[in-house]
Structures are given as C-alpha cells and as structure tokens.
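Notes for the one structure printed next.
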Amino acid sequence: MILVVDDDRMLLASLRSLLARAGYEVCVAASPDEAMAAIRAEAPRLVLMDMNYTRGTSGSEGLTLLRQVKLFRPDTPVILMTAWGSIDLAVEGMRNGAFDFITKPWDNNRLLERIATALSLNDKSGSTPSDTPRPFERKKIIGDSNALREVLAIAARVAPTGAPVLITGESGTGKELLAEALHRNSPRASKPFIKVNLGGMPGSLFESEMFGHTRGAFTGAVAERIGRFEAADGGTIFLDEIGELDSASQVKMLRVLQEQCFEPLGSSRTKRVDVRVVCATNADLPAMVAAKTFREDLFYRINLVTLHMPSLRERRSDLPALARHFAAEFSRKNPALPTAEFEQSALEYLATLKYPGNIREFKNLIERAILMSGHTMLTDDDFRLSNAAGGTAAPSDTLEGIERRRVADAIADAGGNISRAAAALGISRAALYRKIEKYGIDK
C-alpha cells in the first residue's frame, strides 16, 4: 500500500487515480494527523508526501511529519513533493531520511518510475524487478574478488530501475565500465549511452555542449547543434568527474536533472528528454558539500544510489585474471607480438605492488613488460625491469620499433619466404606485406 499525504484534495484524488491505474493499492491523508493515524494502523510500503500544509510555516509541518514517519516506520521509503522554489526544504528532508524528492508540477511517468525504483530498492526479499532475472552482463569488468562481487551485486539490483547512480572510487578503478554495465543491463540498453567528461569541459562551453545551440546563438555557431542530453534521449548519460563542475554549471545541471527539460542556447523553446543519469567522481563530494564548493541539492539528486568501485589494492586476488585478460587483449591488437603467459614468480611479484593508478596502471605495466621482454613466459625479473622503466623514464623501444624488428627477424629466419614468415608471426600474407611496406623492410 502507498500512502499519499497532501492537503489539496483534488491532487489527492488525481494521485489516487494515477497510482490505482498503475496497479498500486492507495491510501490518502489530507493532514499530518491523518497521515500518522494511517501510519499507525497500516504498514505502507511507501509514503508520498507534500512538504507544505499551513501558510507561513515554511514547511516545518512537513519536516515534523517526515521525522515522525521515519521514527515510527524507519524502513519505509518517503518521497517528498515540493515546489521548485522550495528545493532547500527538500534538501532538509533528505537530511532527515527521505528517499527522494520531486518538484511540482511533475511528469506522471517520471513519478511512477521513481516510486517503482524506491519500492524495488527497498525490497528486502532480495528479488529483482523481473520474475526471471537475467545474469548481470559485465563484459570487461574482470575479477571475482569479494570486494568486486559486492559492488556488482548491488549494481545488478539497481540496473533495471531508473535510479540515478553515483559511482565513486579512485582514478583508474573502472567507474566508466561499471556505468556501461548499468546501461547494458537496463531496459534502456538499446538506446544511446552518452559519455561526458565534465572535467575537460570549460564552463563557457557547458550550455552549448550539454543542451545544444541554435544557429547564430554565438559567434561561430554556423549551424544548429543538439546537446549531449538530447543525444541521450531514451538512454543513459554518463557524467564523469561530476565534482569538477563550477558553481554556475551546477545550477544548470540541477535543473535539467530535476525537470528533464532544458532550452538550447539561443532558443526559448523547451525540450524534454527521458534520460537516466549515472555520475562518477574520485572526489569526496560530502566534503565538498560541507565546504560549499558542491551544491547539496545537486548531491542529493545524483546519488539516490552510490556504488563504490574498490581500488586494486582491495582486489589482489583478481590480479592473475586481469593480467591474463590484458595480455590476451594486447596480443589481439598486436599479432606480431607474443601471447604472454605468466610464471608464478611474476604473479607473486605483481601482488606486492601498490598500484596508485589502479587498473589503468596495472594494464600499462602488463603491456610494457610484454613489449620490453619479447618473451612468451614472463617472470618476476621481466616485471622488475618493466616497472623500473615505467617511472619517469619511458622504455627505450617503441611499439612500432619492436614490431618492425620482429617482422624483419621473422622474414630473415624464414629465408625470405613470406608465407613461412607470416605463419610464424600468426598473421596473413596480406597483413605481412602491409607491414613490410609500412616499415620499409627489405625482403
């Protein structure tokens, strides 16, 4: 049962009808006293409540009611309804335990989606929204450590919902891969997945990039252009480095995330989109909120669910699988190089390193060792040499230099026979001829 609380009886009737058509059992209350009577008599699965009941109280009655609801039914999710001009009141409600907030007037489909999300995420049975849940398809997220399994279990539960997700974690831990997995495992999988690096976007370009612009909107705008939000319509937008947004851009971002509408730069026409938002950051957003460098209302809007990607230091049991994955991937991209395997001494050495750059650093280390050693079986010595070269000093040989030498050696070993040289390298004759021409090798 869903309890709806509002002193506007016409709105109550409208919401009762909307929720009943969606298949929910509904109870309504027109005042805080009626609401608490219903709370005591029933066990609602969710409370949808207005924040303003008496003129001049600035929402104090709503906050008092919220505290009473959470005291009496602490596990019941509460979604707040408030006007756009009262966002500060909604933020105070989030501090007091509300699950989410919406602003009036709202889109009915968005409201139903948020209700379904709240109910799904609050389901203590451990079931997923589907009667026959599919396995969580995670593609390049390699590993089976406890730390990784825990975050993927939550991601599998969140993916089918429309919940906005904030992915936290150190640089290089795979936050973008997790965002892609959330999209692939959602009902939006067939729609666009749009990636935006906010850290590399100047504030002066924010509106044009995110919302698009009309022809002539500014000097150099010779044609109309759609923005990232419009490009993501129906799908998912991934906002990386959300903590890098300047204060002015944060205000604009909050409005579009809340209302799912915007005006392209130079236009007065409002465009509406249906977009799921996944954000990522390696910054401490709660600390930024406390320091007033990141808006608290925006923080609550983007982190209905937080997923924390563990560092590689917390996933050491995943290192062998990751090493083999990156070695195989590197071999596919560079067929002239050997497909590397790893002696136990190499794996033991890899487990001793700290990896401040996490998976990105680990991948570079694997590829560098393959390049520098030229061996098919890598040892701890190969990695010590590679690791020493990976600091400020770059390896003396480039990839192209190593590949050229291997191609030339294969041709020499084959006595100039192109077919045998190509077979030894594991590539076609045509591919070998292209490399001969590329590197100017004398056959």
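The values are calculated or read from the model by the stated rules, or taken from the named source; none is laboratory data. All values reported here derive from a predicted model rather than from experimental measurement. A quick note on method: Cβ atoms are made from the backbone with ideal geometry, for glycine too, and the neighbour counts reach across all protein chains shown. The area values use the complete protein model at the heavy-atom level, side chains included, leaving out ligands, DNA and RNA. Shrake-Rupley method; radii C 1.70, N 1.55, O 1.52, S 1.80 Å.
When region 229-246 is examined, which residues are found to be surrounded by 19 or more Cβ atoms within 10 Å (Cβ to Cβ) and closer than 16 Å to Glu180 by Cα?
Of everything in region 229-246, those that are surrounded by 19 or more Cβ atoms within 10 Å (Cβ to Cβ) and closer than 16 Å to Glu180 by Cα turn out to be Ala232, Gly235, Thr236, Ile237, Phe238, Leu239, Asp240, Glu241.
Considering only region 19-51, how many residues are in a helix (DSSP H, G or I) and out of contact with any strand residue (DSSP E or B) (no Cβ under 8 Å at 6 or more places or on another chain)?
So the answer is 5.
Among the residues of region 201-222, write down those that are at positive phi and open to solvent by less than 30 Å² (accessible area, probe 1.4 Å).
Gly212
Quick check on region 93-112: of everything there that is farther than 19 Å from Leu254 by Cβ and open to solvent by 50 Å² or more (accessible area, probe 1.4 Å), which residue is farthest from the chain's Cα centre (by Cα)?
Top of the filtered list is Asn108.
Just to verify a result, which residue in region 83-115, among those that are in a strand (DSSP E or B) and in contact with a Lys or Arg (Cβ under 7 Å, 6 or more places away or on another chain), is farthest from Arg276 (Cα to Cα)? Even if it seems obvious, please write down each step before you answer.
Of the residues in region 83-115, the ones in a strand (DSSP E or B) are 83, 100-104.
Right, trim to in contact with a Lys or Arg (Cβ under 7 Å, 6 or more places away or on another chain) and you get 83, 100, 102.
Details: Ala83: 22, Asp100: 15, Ile102: 15 Å.
In this case the residue turns out to be Ala83.
Write out, first by first residue and then by second, each pair whose Cβ atoms fall under 8 Å of each other, whose residues are 6+ apart or on separate chains, and whose first residue, in region 247-259, is over 11 Å from Ile87 (Cβ atoms) while the second is among the hydroxyl-bearing types (Ser, Thr, Tyr) and open to solvent by 10 Å² or more (accessible area, probe 1.4 Å).
Ser247/Thr293
Which ones in region 1-22 are crowded, with 18+ Cβ neighbours inside 10 Å and without any contact (Cβ under 8 Å) to a residue 24 or more places away in the chain?
Leu12
Name, by its number, the condition in (1) open to solvent by 50 Å² or more (accessible area, probe 1.4 Å); (2) at pLDDT 80 or above that does not hold for Ile359.
(1)
Give region 52-80 a look and list any residue that's at pLDDT 90 or above, not in a helix (DSSP H, G or I) and not charged (D, E, K, R), or say none.
Answer for region 52-80, where residues must be at pLDDT 90 or above, not in a helix (DSSP H, G or I) and not charged (D, E, K, R): Pro74, Thr76, Pro77, Val78, Ile79, Leu80.
Yes/no per residue for (1) of a type in the set (Phe, Trp, Tyr); (2) buried (at least 18 other Cβ atoms within 10 Å of the Cβ); (3) in contact with a Phe, Trp or Tyr (Cβ under 9 Å, 6 or more places away or on another chain); (4) closer than 23 Å to Ile167 by Cβ:
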| residue | (1), (2), (3), (4) |
| --- | --- |
| Phe299 | yes, yes, no, yes |
| Leu312 | no, yes, yes, yes |
| Ser317 | no, no, no, yes |
| Leu322 | no, yes, yes, yes |
| His325 | no, no, no, yes |
| Ala328 | no, no, no, no |
| Tyr355 | yes, yes, yes, yes |
